[in-house]
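Working notes for the structure below.
The values are calculated or read from the model by the stated rules, or taken from the named source; none is laboratory data. Owing to the predicted nature of the structure, the values given are computational and were not obtained by experimental measurement. Please note: Cβ atoms are built from the backbone with ideal geometry, for glycine as well, and neighbour counts cover all protein chains shown.
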Amino acid sequence: MSGGAQDKVLQFLITHGLPAWIASAVWMLLMAIAVIIFVLLTVLILVWLERKISADLQSRVGPNRTGGRFGLMQTMADALKLLMKEDTIPHCADRVVFILAPFLVFVPALLVFLVVPFTDQWLVKYLRDLNLGVLFVIAVSALPVIGLLMAGWGSNNKYAMLGAMRAVAQGMSYEIPLVLAMVCVVVAAGSLKVGDIVGAQLGGHWFITRFPLQLAFVIYLIAGMAEVNRVPFDLPEAESELVAGYFTEYSGMRFALFFLAEFAHLFFVAAFATTLFFGAWEGPVLPPAVWFLIKTYAIIILIMWIRWTVPRLRIDQVMSFAWKLLVPASLLAVALTGIAVVYGKL
Amino acid sequence: MLQQSILTEHVTLNMGPQHPSTHGVLRLELTLEGEVVVDCRPVIGYLHRGVEKIGEARTYPQFLPYTDRLDYLSSASNNAAYVLAVEKLMGLEVPERAKYLRVIALELNRIASHLVFLATFGNDLAATTAFLYAIRERELIMDLFEMWVGARLTQSTFKLGGVSDDVPEGFVQQARDFCRLLPGRVDEYDRLLTGNRIFEARTRGVGLLPPEVALDYACSGPTLRGSGVAFDLRRAAPYEMYDRLDFDVVTHSSCDCLGRYLVRMQEMRQSVRILQQCLDQLPEGEVRAKVGRVVKPPAGEAYGRVESPRGEFGCYVVSDGGTSPRRVRLRAPSFFHLAVLPQMLRGWKVGDVVAILGSIDIVLGEVDR
């Protein structure tokens, strides 16, 4: 998708009688769809990766039949299976809420990718680098909580309700340290624009290498793991306690939407960590997009590693960890960053 | 003020009989206030097969395989309780080699059962990796039994008057290899779970079972020893040749989930000690005393009790001199542990329910009989 293609498409649309602004809107829509397709394909890879990594950690083999020796097509087969499954809606469910909930979780999980700078020119050329990029992320990623609550309530199932209650409590609590960790970066870069944040890190001055921001990164990672419901913070769907939490009653493609949203969100947490702390696409020799993916996958693998090693916390422990430790720590990080910026040490 | 104006209701949650962590078909009727357990009522009977009644309609040797299916994670201890009771009735003396082989079977079963405990306990706390590690080692024990008697789970190693088969060539060596391997693997579990801060946060001080309560409810096994009471039938009322073996009765005084967990972890090490002694001292000779085709114990009654991995497993057999028992009564330790469960659960959260339930390590096969 070079600049040439963009010009050709725009030219084509304009000569066919569309005003220039509609033409560029159509182009951006196409690009947004491309991002979404890319994210969905990535999710398929992530699910496979998670299976392989967990298998390695647990001294198992993992998928090894479907699609060659390494089971590469296993997730494809699973996705097909889910598509063909009967779609059941419980008799006593609140139908509208029940049907709407997966989409409310799924759509925001994809929307946030519109501000991820996959390459140096990606946002500027093909999409738009929002002035309030970070704020957009914060706002949109707060939305799925509503969907989770709707899923739990609409299912009319006690396990689902308990799971939804946990999801809301946890999601809200960890959003605060997550946002404060992002604020550290915003303060350091002096801008909410993703392009500026990356620009401030160019030349190897990644934010992870500058003092108070390591603290912000650790907080971001922990809070991010809680946001995507990974062990030790997987309480909303705690299998051994709540069967499957808020999506207990979902089946088929509706279930798959929750699943996709969760992995897309995981990918986003890692991708945004790369953007905020690891200089996004910057790196020697290899093309920018490759560097971006390498860094993102490294963080994803770290998260998976943690997920398959530690047990789960209890709900009150999760909450007190957020409020008694992470929130004060993130406030401290913001203060330290502010001091460092004012005295020019950052 | 606000508290008074909002009306809250208790929620009744049926946990089970189909649930990922009720360890079989157990139903817990939980009364919840938010996440907090107000009350709990264990509902049992989903696996009732009428085993005790079946015992009255089968001959003495025929009933033996039924006992395998009680506590299916440790079939040898069920066998042992029944066989001990019947042998007591018959006044049968078991050959020395058979006694050693029986202890080997019992201790291998104990390790296997504790490994399953570790696996499911880890799984309940979402430490799925511990699950697979423990199952990996259990597989080696299953292989040993497959080599010995052909069966892996319901082994029926015991027979009236001895054991079903002598161990094949190579068994002793393979068992020794296993004994060498296991302590290192238990260290590995310790590194993965025992020292983990999250694991400790989930288990320390959770699900307290004071020793008095444990004794009142006739708890036994690791559940009782986790409350600091040093009661182990292998020491208190030795059977087979446990009196000649050197091992420690492990106790832990913390009375919580962590204590019960640590007791089982230590018991695996002690079982390895016992196994090594048995394998070293294993005498030559017969493995089965002469028992006629028709077993007709004289009229009377006898009680066989063994220390199963879960506690005191007892079998009470009444004979009227015929070919089948007049009455078979089974004492299953898990049954008593389920009775005390509501006391342990009250005031804890839903997340703790699975931890506490996992820590008493019940098997529904013996609860429902």
Taking the condition of being among the basic types (Lys, Arg) and at the interface with another protein chain (Cβ under 9 Å from one of its Cβ atoms), how many residues in segment A:42-62 meet it? 1
Segment B:292-319 residues that are of a type in the set (A, V, I, L, M, F, W, C), paired with ones that are surrounded by fewer than 19 Cβ atoms within 10 Å (Cβ to Cβ) and at pLDDT below 85 (beta carbon under 7 Å, 6 or more apart): B:ALA299/B:GLY321
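So that you can scan it fast, the table gives a plain yes or no per residue for (1) under 20 Å from the mean Cα position of the chain (by Cα); (2) surrounded by 14 or more Cβ atoms within 10 Å (Cβ to Cβ); (3) acidic (Asp, Glu):
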{"position": "B:GLY150", "(1), (2), (3)": "no, no, no"}
{"position": "B:SER156", "(1), (2), (3)": "yes, yes, no"}
{"position": "B:GLY184", "(1), (2), (3)": "no, no, no"}
{"position": "B:THR194", "(1), (2), (3)": "no, yes, no"}
Would you be able to tell me the number of residues in segment A:1-51 that are modelled with pLDDT of 80 or more and among the acidic types (Asp, Glu)? 1
Would you mind stating whether B:LEU101 is crowded, with 24+ Cβ neighbours inside 10 Å and closer than 24 Å to B:VAL354 by Cβ? no
Could you go through segment A:137-159 and let me know if any residue there is touching a His at 6+ places or on another chain (Cβ under 6 Å), modelled with pLDDT of 80 or more and closer than 24 Å to A:ILE37 by Cα. no
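Residues checked against (1) of a type outside the set (Lys, Arg); (2) closer than 30 Å to B:ILE104 by Cβ:
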{"residue": "B:ASN14", "(1), (2)": "yes, no"}
{"residue": "B:VAL36", "(1), (2)": "yes, no"}
{"residue": "B:ILE44", "(1), (2)": "yes, no"}
{"residue": "B:PRO61", "(1), (2)": "yes, yes"}
{"residue": "B:PRO65", "(1), (2)": "yes, yes"}
{"residue": "B:ARG69", "(1), (2)": "no, yes"}
{"residue": "B:SER75", "(1), (2)": "yes, yes"}
{"residue": "B:ASN78", "(1), (2)": "yes, yes"}
{"residue": "B:ALA81", "(1), (2)": "yes, yes"}
Segments classed as helices (runs of 4 or more DSSP H), wholly inside segment A:137-202, with at least 3 members that are in the same structural domain as A:VAL115 (by TED's automatic domain parsing), touching a helix residue (DSSP H, G or I) at 6+ places or on another chain (Cβ under 9 Å) and hydroxyl-bearing (Ser, Thr, Tyr): A:158-189
Being within 14 Å of chain B (Cβ to nearest Cβ) and touching a residue at least 40 places away in the same chain (Cβ under 8 Å) is true for just one of A:ALA256, A:ALA273, A:ALA226, A:ALA261. Which residue is that? A:ALA226
Over segment B:204-257, the set of residues over 29 Å from B:GLN276 (Cβ atoms) and in a helix (DSSP H, G or I) is B:PRO211, B:GLU212, B:VAL213, B:ALA214, B:LEU215, B:ASP216, B:CYS257
Could you tell me whether A:ALA298 is away from chain B (no Cβ under 11 Å) and among the small types (Gly, Ala, Ser)? yes
So, A:TYR250, is that one hydroxyl-bearing (Ser, Thr, Tyr), in a helix (DSSP H, G or I) and either touching a helix residue (DSSP H, G or I) at 6+ places or on another chain (Cβ under 7 Å) or surrounded by fewer than 22 Cβ atoms within 10 Å (Cβ to Cβ) (or both) or not? no
Let me confirm something: among A:ASP94, A:ASP78, which residue is more than 14 Å from every other protein chain (Cβ to nearest Cβ) and closer than 21 Å to A:ARG307 by Cβ? A:ASP78
Within segment A:58-83, can you find the residues that are under 28 Å from A:TYR250 (Cα atoms), among the aliphatic types (A, V, I, L, M), free of Cβ contacts under 8 Å to residues at least 60 places away in the same chain and surrounded by fewer than 15 Cβ atoms within 10 Å (Cβ to Cβ)? A:MET76, A:ALA77, A:LEU80
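Residue by residue, here is whether (1) out of contact with any Leu (no Cβ under 6 Å at 6 or more places or on another chain); (2) without any contact (Cβ under 8 Å) to a residue 40 or more places away in the chain; (3) more than 30 Å from B:ILE141 (Cβ to Cβ) holds:
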| position | (1), (2), (3) |
| --- | --- |
| B:HIS10 | yes, yes, yes |
| B:GLN18 | yes, yes, no |
| B:GLU33 | yes, yes, yes |
| B:ARG41 | yes, no, yes |
| B:THR59 | yes, no, yes |
| B:ARG69 | yes, no, no |
| B:SER75 | yes, no, no |
| B:ASN79 | yes, no, no |
| B:LEU101 | yes, no, no |
Members of segment B:113-123 found to be surrounded by 24 or more Cβ atoms within 10 Å (Cβ to Cβ) and either in contact with a Leu (Cβ under 7 Å, 6 or more places away or on another chain) or at pLDDT below 85 (or both), listed by number: B:SER113, B:GLY122
Has segment A:29-49 got at least one residue that is outside the structural domain of A:PHE268 (by TED's automatic domain parsing), in a helix (DSSP H, G or I) and among the aromatic types (Phe, Trp, Tyr)? yes
Somewhere in segment A:117-127, is a residue modelled with pLDDT of 85 or more, on the phi < 0 side of the Ramachandran plot and in contact with a Ser or Thr (Cβ under 9 Å, 6 or more places away or on another chain)? no
Criterion first (among the polar types (S, T, N, Q) and part of a helix (DSSP H, G or I)) does A:THR66 satisfy it? no
Filter segment B:152-201 for residues that are in a loop (DSSP other than H, G, I, E, B) and among the acidic types (Asp, Glu); which is farthest from the other protein chains (Cβ to nearest Cβ)? B:ASP166
Do the conditions hold for A:GLY279, that is, is it free of Cβ contacts under 8 Å to residues at least 24 places away in the same chain, away from chain B (no Cβ under 14 Å), closer than 24 Å to A:ARG210 by Cα and among the small types (Gly, Ala, Ser)? no
Cβ-Cβ below 8 Å, separation at least six or inter-chain, first residue in segment B:333-352 and within 14 Å of chain A (Cβ to nearest Cβ) and part of a helix (DSSP H, G or I), second among the small types (Gly, Ala, Ser) and crowded, with 19+ Cβ neighbours inside 10 Å: which pairs? B:LEU345/B:GLY207; B:GLY351/A:ALA238; B:ASP352/B:GLY207
Going by what's in this entry, would A:LEU180 be described as among the aliphatic types (A, V, I, L, M), more than 14 Å from chain B (Cβ to nearest Cβ) and in contact (Cβ under 8 Å) with a residue 40 or more places away in the chain? yes
Just one listed residue, out of A:GLU237, A:GLU249, A:GLU282, is out of contact with any strand residue (DSSP E or B) (no Cβ under 7 Å at 6 or more places or on another chain), acidic (Asp, Glu) and within 29 Å of A:ASN131 (Cβ to Cβ), and it is A:GLU282
Segment B:353-363, residues that are within 12 Å of chain A (Cβ to nearest Cβ) and over 19 Å from B:THR194 (Cβ atoms): B:VAL353, B:LEU357
Filter segment A:308-346 down to the residues that are part of a helix (DSSP H, G or I), within 14 Å of chain B (Cβ to nearest Cβ) and touching a residue at least 24 places away in the same chain (Cβ under 8 Å) and list them by number. A:ILE315, A:VAL318, A:MET319
Reported set for segment B:297-332 where residues are part of a strand (DSSP E or B) and basic (Lys, Arg) is B:ARG305, B:ARG327, B:ARG329, B:ARG331
